[in-house]
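K.L.:
Supplied in structure tokens, the structure appears directly below.
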Amino acid sequence: MSPNENICHESTFQKVYTSLNKEIWRFIYYKCGDEAQADDLVQDAFIKLWQNCAKTPIEKAKSFLYTITNNAFLNEIAHKKVVLKYSKSQPDKINSESPQYILEEKEFHDKVQRAIGNLTEGQRTAFLLNRIEGKKYVEIAELLDISVKAVEKRMSQALSSLRNEIENFKA
Amino acid sequence: MEKEYILHKWLNDSATSEELEYLKTSPEYNTLIKIAVISSGLEAPESNSEANFKTITSNLINNKREVKKLIPFASLLKVAAVLALLLVGYLYISSLDTEVQTQIAEKQNILLPDNSEVIINANSAISYNKKKWSQQRELKLTGEAYFKVTKGNTFSVKTSLGIVTVLGTQFNVYSRDNLFNIECYEGLVSVAFNDTLIKLPAGSRLSIENGVLVKHDISILSFPNWTINESSFENALLSTVLQELKRQYPIKLITKFNDVNQRYTGSFSHNDLNLALKSICDPLHLAYTIEEESITIYDKESP
């Protein structure tokens, strides 16, 4: 994407869509856990991007899309339970371990998965942007329009509440 | 707190392996790391990327169609609005009356749309509607004017003192203050005054003074004298004569004579003030002095 390209050109718009649509979709999904809603909001966001194509330089498209979708959640949208699955690409390190260990690990994984669904929207979004999307705190702060300090706080809270929930399960 | 700092550092991929090892010595942080690692291995469901794009593009195409429809319509509207405005403006302006006004010492000849001729005396005005003229020959007059009307349908002159109606003739209308004079030079003129209608044949004059009607049979002339720059009077109040003098010359008049109700028969020129003053003053035994534009008229016996 060269900075001179204009989003108003259909080919450029399509390029922007291809490069960003999945990321934006996941971002919405982390927030609400509703696939249909994620579809709707992604569509809305890109339609708005097209309508504002003349005013939005291509390098601003990403933050534009995040802002639009982030703002869509300001009016507390009721959310479903976020359901995540194991990545297929995850290296299977646990193969060499004992069956007992494997079972325990599997249980642990399931607990993490479930506990994430119970995090608050703010904590979960920050946490998953960091963990799954591999974004640094600075980026997350920018995308969510909050301070780095706030991201740090959300991460700490997310991790400790995950741990609490998992350990409660154990008990 | 130090461990918390290292944890965040590690979450941002910038902790060293020593720092990580140090963090793992705490069972609490070890669990957190484990959770974090497991979370990294999760993924969101796959989005329906292509279907979404189709929805977006179909939406945009619909929007585009709307835009294409709107733009020519809007510009058409603009053009239509401007045309409508011009039309309304034209209609409004053309419906306005045409007005011709003369100043002191000024006479004007105008031709009406039907080629009727009007000569407007000094300090007078007429107004008429060009558009409606073919259906209705009607004009308003204040002051004095001489009409040579071409034959046709009824021609009316409306004044504050009465209405003069003709079919085709030459006549003069004088309507100032409370004096209403109509002189007919040709044809027949009908004069509506209060509730009465008076037919005035050629060569006669109708004079209405302060609501009192006086009919004269006079005039050997075929046109009013003022049109050849002379004002004629017959048994007119001196004040009326002096008013006319003030209309024909841009002067200030100071009157210092006793008999205000004197009557004057005669005429004065519009071209020579001295001569005009003489014509008025001599028969009435009055004298006058001229100082620049100010003229004093007084009784001869008591200067």
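K.L.:
Residues with amide H under 5 Å of residue A:56's amide H, sequence separation 5 or more or different chain, H placed in the peptide plane at 1.01 Å from N; which?
P.N.:
Under 5 Å from the amide H of residue A:56: no residue qualifies.
K.L.:
Residues with beta-carbon under 11 Å from that of residue B:170, excluding residue B:170: net charge, scoring Lys, Arg +1 and Asp, Glu -1?
P.N.:
With Lys, Arg at +1 and Asp, Glu at -1, the neighbours total -2.
K.L.:
Provide a whole-number value for the mean count of partner chain Cβ atoms within 10 Å of the Cβ atoms in peptide B:28-37.
P.N.:
5
K.L.:
Still on this structure: Other chains near A:24-33: what is the mean number of their Cβ atoms within 10 Å of each residue's Cβ?
P.N.:
The mean count of partner-chain Cβ atoms within 10 Å per residue comes to 2.
K.L.:
Now for a separate question. Of the options B:181, B:165, B:276, report the single residue whose Cα projects farthest towards the positive end of the charge dipole of the range B:147-303 (beta-carbon charges: Lys, Arg +1; Asp, Glu -1).
P.N.:
B:165
K.L.:
Follow-up. Could you tell me the calculated FRET efficiency between residue A:106 and residue A:54, based on Cβ-Cβ distance and R0 = 41 angstrom, to the nearest 0.05? Spell out each step's value before the answer.
P.N.:
Values: r = 53 Å, r/R0 = 1.28.
Calculated value: 0.20.
K.L.:
Here's something else I'd like to know. Against the longest alpha carbon principal axis of chain B, how many degrees, from 0 to 90 and to the nearest 10, is the axis of helix B:238-248 turned?
P.N.:
50
K.L.:
What number does the range B:168-303 give for Rg over Rh if you use C-alpha atoms and the Kirkwood radius?
P.N.:
Dividing the radius of gyration by the Kirkwood radius yields 1.01.
K.L.:
Quick one: net charge around residue B:104, please, counting Lys, Arg +1 and Asp, Glu -1 for every other residue with C-beta under 10 Å from its C-beta.
P.N.:
+1
K.L.:
Still on this structure: Defining a contact as two alpha carbons under 8 Å apart and six or more residues distant in sequence, what relative contact order in percent does chain B show? Mind showing how you got there, number by number?
P.N.:
Details: 482 pairs, mean separation 25.0, N = 303.
8 percent.
K.L.:
How large is the dipole of the protein assembly as shown about the Cα centre if only Lys and Arg carry +1 and Asp and Glu carry -1, each at its Cβ, rounded to the nearest 20 debye?
P.N.:
Its charge dipole is roughly 1060 debye.
K.L.:
What value, in deg cm²/dmol to 500, does the helix sum -39500 (n - 2.57) over DSSP H runs of n ≥ 4 give at 222 nm once divided by the residues of the protein assembly as shown?
P.N.:
When only DSSP H runs of four or more count, the value is -15000 deg cm²/dmol.
K.L.:
Additional query: Tabulate in residue order the Karplus-calculated ³J(HN,Hα) for the range B:78-95, using 6.51 cos²θ - 1.76 cosθ + 1.60 with θ = phi - 60°, rounded to whole Hz; enter x for Gly and Pro.
P.N.:
Ordered by residue, 3J(HN,Hα) equals 4, 4, 4, 5, 5, 4, 4, 5, 4, 4, 4, x, 4, 4, 5, 5, 6, 7 Hz.
K.L.:
On the principal axes of its Cα set, how long, how wide and how thick is chain B? Give whole Å, largest value first.
P.N.:
Computed over chain B, the largest-to-smallest principal extents equal 141, 53, 34 Å.
K.L.:
Which one of B:60, B:85, B:77 has the biggest mean-square fluctuation once chain B is modelled by GNM with Cα springs under 10 Å?
P.N.:
B:60
K.L.:
Then there's this: Please list, in chain and number order, the residues 5+ apart from residue B:150 or on another chain whose amide H is under 5 Å from its amide H, with Hs placed from the backbone.
P.N.:
B:116, B:117
K.L.:
Charges at C-beta only: +1 for Lys and Arg, -1 for Asp and Glu. How large is the resulting dipole of the range B:64-199 about its Cα centre, in Debye rounded to 20?
P.N.:
That gives the range B:64-199 a dipole magnitude of about 1160 debye.
K.L.:
Among the DSSP beta bridges whose two residues both lie in the protein assembly as shown, what percent are antiparallel, rounded to the nearest 5?
P.N.:
90
K.L.:
Among B:276-288, A:100-112, B:175-187, how do they line up from the highest to the lowest mean number of other beta-carbon atoms within 10 Å?
P.N.:
The peptides rank, most packed first, as B:175-187, B:276-288, A:100-112.
K.L.:
Once a ≥ b ≥ c are taken as the square roots of the eigenvalues of the Cα gyration tensor of the range A:28-73, is the result rounded (a/c under 1.5), prolate (a/b larger than b/c) or oblate (a/b not larger than b/c)?
P.N.:
prolate
K.L.:
Lys and Arg at +1, Asp and Glu at -1: add these up for the other residues within a Cβ distance under 13 Å of residue A:157 and post the number.
P.N.:
Result for the neighbourhood of residue A:157: +1.
K.L.:
Now for a different question. Can you tell which of B:110, B:119, B:35 shows the greatest fluctuation in a Gaussian network model of chain B with Cα springs below 10 Å?
P.N.:
Highest fluctuation among the options: B:35.
K.L.:
Over the range B:174-293, what is the mean sequence separation of C-alpha contacts under 8 Å (at least six apart), divided by residue count, expressed as relative contact order in percent?
P.N.:
17
K.L.:
In addition: What Kirkwood hydrodynamic radius do you get for the protein assembly as shown when you take the inverse of the mean 1/r over all pairs of distinct Cα atoms, in Å?
P.N.:
Averaging 1/r across every pair of different Cα atoms and inverting gives 32.3 Å.
K.L.:
Still on this model: What does the C-alpha gyration tensor say about the overall shape of the range B:170-211? Classify as rounded when a/c is under 1.5, otherwise prolate if a/b is larger than b/c, or oblate.
P.N.:
Note, shape of the range B:170-211 comes out oblate.
K.L.:
Counting only other chains, and only Cβ atoms inside 10 Å, what mean value do you get across the residues of A:123-133?
P.N.:
Counting other chains' Cβ atoms within 10 Å and averaging over A:123-133 gives 3.
K.L.:
Follow-up. What is the helix-to-structure angle for B:27-40, meaning the angle in degrees between its Cα long axis and the longest Cα principal axis of chain B, kept from 0 to 90 and rounded to the nearest 10?
P.N.:
The helix B:27-40 is inclined about 60 degrees to chain B.
K.L.:
Follow-up question, since we're still on this one. First obtain the Kirkwood hydrodynamic radius of the range B:30-179 from its Cα pairs, then insert it into the Stokes-Einstein equation at 25 °C and 0.890 mPa s, and state the resulting D in µm² per second as a whole number.
P.N.:
111
Each value in this text was obtained by applying a stated rule to the coordinates, not by laboratory testing. In this text, all values refer to a predicted model and were calculated from it rather than measured experimentally. Using ideal geometry, Cβ is built from the backbone for each residue, glycine included, and neighbour counts are taken over all protein chains shown.
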